[in-house]
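A short reminder: the numbers here are calculations on the coordinates, not readings from a lab. Keep in mind it's a predicted model, so treat the numbers as computed, not measured. So basically every Cβ, Gly included, is an ideal-geometry build from the backbone, and we count neighbours across all protein chains shown.
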Amino acid sequence: MVVSKPAEIMDVLRRLQAIDDEIREIRVARDQMVASMERLQKVLAHLDRELAEKREKLAEAETWYRAKNGELEAEREKLTKAKSKLTGVTRSKEYVAVNKELETVRKNITQREDEVAKLLVAIGEFREAIGKEEQKVKDLRSQAEVESHSNRERLAVMEGKIAEVDARRKVISSAVDRSLVERYGRIAAKREGIAVAAVVDGGCRGCHMQLNPRFIESILRASSVVTCPHCSRYLYADSAHDADGNAVTSV
Ligand SMILES: [Zn+2]
């Protein structure tokens, strides 16, 4: 049944406002929870990508290490060959040449050994750092899973409450013309969710602008549905105070 008397219409709009006030906090809390869950997933995805890059670099370093180790082995073989050559040398000129070769190879080996040892230390440290990070990401992920599990339960409760209130809202809304509810929605969207305001001390409580006394009179009489000329909110007379700030019991 659609009501048509201004006072009845205002009553419906006030009930709509009360319902929207009731649910606003839940909606905000739900949106914040969803946003924070999404944020955490993004952080985890970012950390995963970073770890993957580091693992790739580690693999490159290991390849490099194997190549250097191969070079070291080759130098060692050269050393063995040069040594056996030396035993067969009879002429002193040749002896000097092979000895020089030996010296070069030994120098190369020392250099390669140094490189390989340094690489091994660096790889070890890198591997350890990656391991620590992997553990950190793992801990964060299990923490996120625990949180998301409890959040999902809270979320379900919130969604249930929102659905229940929405159903009540639909029933209340159906008591007035649809265009009124739509207008209410447009005002609420523009005015931080508040589409209905009381008139207190001669002013609109929504925007705090003073109102023309004759205008207030029409609100007190409730002869028509009135909106604030400044903020467009639907206005009603606060039952506790009249336009002069005097307490009244009914309007
Ligand atoms: Zn106003």
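Across all directions, the average flat footprint of the convex hull enclosing the Cα atoms of region 116-234 is 14.4 nm². A cut-off of 5 Å between modelled amide H atoms, ignoring neighbours fewer than 5 places along the same chain, links L235 with A197, V226, T227, C228.
Estimated at 0.36 nm per residue, the fully extended path between E134 and E159 surpasses their Cα-Cα distance by 5.5 nm. Considering region 178-237 at the alpha-carbon level, its Rg and Dmax are found to be 11.0, 32 Å. The slack in the chain from A67 to L47, taken as 0.36 nm per residue of separation less the alpha-carbon distance, amounts to 4.2 nm. Of all DSSP bridge pairs formed entirely within the chain, close to 55 percent run antiparallel.
Across region 1-80, Cα-Cα pairs more than 18 Å apart make up 74 percent of the total.
For region 15-31, putting each phi into the Karplus relation 6.51 cos²θ - 1.76 cosθ + 1.60 with θ = phi - 60° gives couplings of 5, 4, 4, 4, 5, 5, 5, 4, 8, 4, 4, 5, 4, 4, 4, 4, 4 Hz, in residue order, rounded to whole numbers and with x for Gly and Pro. Within the straight-line cut-off of under 24 Å between alpha carbons, the lysines reachable from K100 are K68, K78, K81, K83, K85, sequence neighbours fewer than 8 places apart in one chain being disregarded. Seen from E73, the other residues with C-beta closer than 14 Å to its C-beta sum to a net charge of +1, counting Lys and Arg as +1 and Asp and Glu as -1. Neighbour counting of Cβ atoms within 10 Å sorts the residues M37, M10, fewest neighbours leading, into M37, M10. Listed by chain and number, the lysines placed with their C-alpha closer than 21 angstrom to that of K138 are K42, K54, K57; residues fewer than eight positions away on the same chain are left out.
Report the far tail of the P(r) of region 74-131, meaning the percent of Cα-Cα pairs longer than 12 Å.
Working: 1163 of 1653 pairs.
Summing the P(r) tail past 12 Å for region 74-131 gives 70 percent.
Which number comes out as Rg/Rh for the chain once both Rg and the Kirkwood Rh are worked out on C-alpha atoms? Each step should come with its number before you reach the end.
On the way: Rg = 40.7 Å, Rh = 26.1 Å.
In the chain, Rg relative to Rh is 1.56.
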